[in-house]
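This report concerns only the one structure given below.
The values are calculated or read from the model by the stated rules, or taken from the named source; none is laboratory data. A quick note: this is a predicted structure, and the numbers were derived from the prediction, not measured. Cβ placement follows ideal geometry from the backbone for every residue including glycine, while neighbour counts extend to all protein chains displayed. The protein model used for the area step is the full one, side chains on, heavy atoms only, and it has no ligands, DNA or RNA in it. Shrake-Rupley method; radii C 1.70, N 1.55, O 1.52, S 1.80 Å.
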Amino acid sequence: MPGKNVSSAASLSASEVELRDELRADVEKLAGEIGERTMARYPQLNAAADFIENSFSRAGLQTRRDSYDLHGRACYNIEAKIPAAPGAAAPLAKPFGVSKPPSIILIGAHYDSVLGSPGANDNGSGVAAMLALARRFAGKPAQHTLRFVAFVNEEPPYFLSEQMGSFVYAGRCKTRGDQISAMISLETIGYFSDAPHSQTYPAPGLGVFYPSVGNFIGFVSNVPSRNLLRRAIALFRKHAKIPSEGAALPAFIPGVSWSDQWSFWQHGYPGIMVTDTAPFRYPHYHSATDTPDKLDYHRFALVVSGMEKVIQALAIAPR
Ligand SMILES: [Zn+2]
């Protein structure tokens, strides 16, 4: 039942109530109205792309379609950018007389769903969060550029392959020489439970160190991204009103690479995933029952509100 766990969670401020309602509306649009979004349902995949593009535009953001061809059909990553404030570049040592260019903080979420699933939590939740964050940063240039990107084709059969939207996108970033200092992948972030043993782990040893109740949000990275992970989780804990757990783990541990951050790791960029841990907690993972009513929008809003503070701080000084 939706909202059954609300009593144990911190209360929402007025702006978090607004945020909660935005998140719910966008998850309902993607998973309720549009539904399954895959190459097998190409019109629905494109309806989701259009919806995301329009949402960025309505927030006053400039959008760009990053397209590539798959099986003779065009696929689109949808991007919105908030360029760094003019003159915001950090000056290098005096004798060189040059400025270090601002780096890029990239917030991404995949908008496709797995075959046969409406994808409310996976990953309507990540897209709704990404859109809500983009609205909150629109018109507020910081010292570093913010990029919000909705990725296509994350799910199988493209999962962890060169055909993933994010893999194509990250490769183009590398070719252009884009200085991405942080990639944050929002992946399945809307389900929480207070039930005993509601949280499981991909490796048996991890259960010794981490909670057995699925009432927290997880931050995960590979080992080379551990500094970004530590920074992000420290900032989150300073501001957020929901418990969090973090782990920098070898990428071969099941789950660690399971989203678009993997594509950025492959191109040498630091990246983290924010997640409710999906298959290790969510009973409706990758199934036809991953519908909008399964999400806990109250705690989901607490997560996104915390992430707003994390991104705000990173956009001033990412390292
Ligand atoms: Zn996913």
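Brief remarks follow.
- Percent carbon-and-sulfur accessible area, the chain, ignoring ligands, DNA and RNA, probe 1.4 Å: 57 percent
- Among P243, P157, P204: highest mean-square fluctuation, GNM of the chain, C-alpha pairs under 10 Å: P204
- Spin-label pair V213/K309, simplified geometry with 7 Å Cα→Cβ offset, distance in nm: 2.2 nm
- Potential lengthening of the chain between F252 and L206 amounts to 15.1 nm, from the contour at 0.36 nm per residue minus the alpha-carbon distance.
- In this rough spin-label picture, where each label sits 7 Å from Cα along the Cβ direction, the R58-H197 distance is 4.4 nm.
- Label-to-label distance, nm, for residues given as E33 and D69 (7 Å Cα→Cβ offset): 3.3 nm
- Cα gyration tensor, segment 206-319 - rounded (a/c under 1.5), prolate or oblate: oblate
- The C-alpha atoms of segment 62-204 occupy a region whose extents along the principal axes are 58, 46, 33 Å, arranged from largest to smallest.
- Whether segment 119-158 is rounded, prolate or oblate, judged on the alpha carbon gyration tensor where a/c under 1.5 counts as rounded: oblate
- For segment 113-266, the normalised intensity computed at q = 0.09, 0.12, 0.17 Å⁻¹ comes to -0.32, -0.58, -1.23 (log10 of I(q)/I(0), Debye sum over alpha carbons, equal scatterers, no solvent).
- Accessible area per residue in Å² at 1.4 Å probe, computed on the chain: 40 Å²
- Backbone geometry of segment 242-250 corresponds, through the Karplus equation with coefficients 6.51, -1.76 and 1.60 at θ = phi - 60°, to 3J(HN,Hα) couplings of 9, x, 9, 9, x, 8, 9, 10, x Hz, x marking Gly and Pro.
- Overall form of the chain per C-alpha gyration tensor (a/c, 1.5; a/b vs b/c): rounded
- Computed per residue of the chain from DSSP H runs no shorter than four, each worth -39500 (n - 2.57), the mean residue ellipticity at 222 nm is -9500 deg cm²/dmol.
- Added length on full extension, which subtracts the Cα-Cα distance from 0.36 nm per residue, L115 to A10: 34.3 nm
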